[in-house]
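K.L.:
Dumping the structure here so I can ask a few things about it.
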Amino acid sequence: MPNETTHSTSLDPFKSTMNQKDLEDWQKYQISLSLSEHSMRSAAMLNYRLTMDFLQNSASKYHPENLTVDEVSNHLRMITSIVSQIEHFSFESWREARKAKERSTVLVITALTIMFLNFVSLIFLVSKF
């Protein structure tokens, strides 16, 4: 029962604050993720669910009183905010690294092609003499 009440109350404020344009941008971003990025996102969501489970069921061992639904929601909101910032930074860093790798591959292929063409023209020039 606590799972259902915590889940429903913690999601309602987020649904009411998200406008249509932000939702569309978020959906486009999710579609643009690669398979590896989807795997990372799934792992992050698993960690979120495990954290929620810990706060609801196990935190009472460390806290003298049971946490209320609002306290669990606040803890989850703080943790989710921190994790989402880290996740966003890692996704964007990973994308930039992938783009840099692709650019460097193109540059290496271009340089090798130019070297090959220069070598062929040098051989052609030497063979003429």
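The values are calculated or read from the model by the stated rules, or taken from the named source; none is laboratory data. Remember, it's a predicted structure, so these values are computed and weren't measured experimentally. With ideal geometry, Cβ positions are generated from the backbone for all residues, glycine too; neighbour counts draw on all protein chains shown. The accessibility values were calculated without ligands, DNA or RNA, using every heavy atom of the protein model including side chains. Shrake-Rupley method; radii C 1.70, N 1.55, O 1.52, S 1.80 Å.
K.L.:
Carbon and sulfur together cover what percent of the accessible area of segment 70-122 at a 1.4 Å probe radius?
P.N.:
Looking at segment 70-122 in its full context, I get 73 percent from C and S.
K.L.:
Please list, in order along segment 117-129, the HN-Hα scalar couplings obtained from phi with the Karplus expression 6.51 cos²θ - 1.76 cosθ + 1.60 (θ = phi - 60°), rounded to whole Hz, x for Gly and Pro.
P.N.:
5, 5, 5, 5, 5, 5, 5, 4, 5, 5, 5, 6, 8
K.L.:
Count neighbours as other Cβ atoms within 10 Å of each site's Cβ, and list the GluC sites (Glu not before Pro) in segment 74-129 that are DSSP loop with at most 15 such neighbours.
P.N.:
Of the GluC sites (Glu not before Pro), not one in the loops of segment 74-129 has a Cβ with at most 15 other Cβ atoms within 10 Å.
K.L.:
Say R0 is 35 Å: what FRET efficiency, to the nearest 0.05, do Ser42 and Ala111 get from their beta-carbon distance?
P.N.:
Once rounded, the FRET efficiency stands at 0.35.
K.L.:
Taking θ = phi - 60°, what integer Hz values does the Karplus form 6.51 cos²θ - 1.76 cosθ + 1.60 yield along segment 36-44, in sequence order, with x for Gly and Pro?
P.N.:
Once θ is set to phi - 60°, the couplings for segment 36-44 become 5, 5, 5, 5, 4, 5, 4, 5, 5 Hz.
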